[in-house]
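Below is one structure, written out as structure tokens; comments come after it.
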Amino acid sequence: MLKHFIAIAVAVLLSQTAYSQTKPRPAMYTDYTAIVEDKCAILLDGGSMMLTVRNAVGKETVFFINRGLDVKNSPKYNQVRDDKGHKLSDSEKQQLFAHLKTLKTRCRNKDCAEFVDLFVR
């Protein structure tokens, strides 16, 4: 009986391990260590913004927030996408914005901190 219990326990553990290895890793919006100040911009469509962040190994990711006049009062307004085209969910957006607020303390100048404040408003 103990052998059967152990066999079942091992089978369950192996299946959980296989499942966890096949599940895609959720995007982590707290992996960034710096805002790349010279690669951020306000776009000419009435308020959209582009913000570039860098992680510890130097990989840069660009985030776009859609605040164009042409999408005001539509579902597209205030959408955030990364440079791969992934639209961030509300929870992903909240996670990113909370992390950006902590990163802004590392900005070298007042303009960078103000930019982050505008991005996350």
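Select from segment 64-95 the residues that are open to solvent by 80 Å² or more (accessible area, probe 1.4 Å), in a loop (DSSP other than H, G, I, E, B) and closer than 18 Å to Gly47 by Cα and list them in ascending order.
Lys72, Asn73, Pro75, Lys76
Among the residues of segment 52-61, are any under 16 Å from Arg121 (Cα atoms), open to solvent by 40 Å² or more (accessible area, probe 1.4 Å) and modelled with pLDDT of 90 or more?
No, segment 52-61 has no match at all.
Looking at Ile42, Ile65, which is the one that is under 14 Å from Val116 (Cβ atoms), among the hydrophobic types (A, V, I, L, M, F, W, C) and over 17 Å from the mean Cα position of the chain (by Cα)?
On the way: Ile65 fails: over 17 Å from the mean Cα position of the chain (by Cα).
Just a single option satisfies the conditions, and that option is Ile42.
A quick yes/no check of all residues on (1) modelled with pLDDT of 95 or more; (2) under 19 Å from Arg54 (Cβ atoms); (3) of a type in the set (A, V, I, L, M, F, W, C); (4) loosely packed, with under 12 Cβ neighbours inside 10 Å:
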{"site": "Phe97", "(1), (2), (3), (4)": "yes, yes, yes, no"}
{"site": "Leu103", "(1), (2), (3), (4)": "no, yes, yes, no"}
{"site": "Lys110", "(1), (2), (3), (4)": "no, no, no, yes"}
{"site": "Arg121", "(1), (2), (3), (4)": "no, no, no, yes"}
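Taking the stated definitions as given, is Leu2 surrounded by fewer than 16 Cβ atoms within 10 Å (Cβ to Cβ), over 18 Å from Leu88 (Cα atoms) and at pLDDT 50 or above?
Taking the combined requirement at face value, the residue does not satisfy it.
The values are calculated or read from the model by the stated rules, or taken from the named source; none is laboratory data. Here the structure is a predicted model, which means the values were calculated and not measured. All Cβ positions, glycine included, derive from the backbone under ideal geometry; neighbour counts span all protein chains shown. Calculation scope for accessible area: heavy atoms of the full protein, side chains included, ligands and nucleic acids excluded. Shrake-Rupley method; radii C 1.70, N 1.55, O 1.52, S 1.80 Å.
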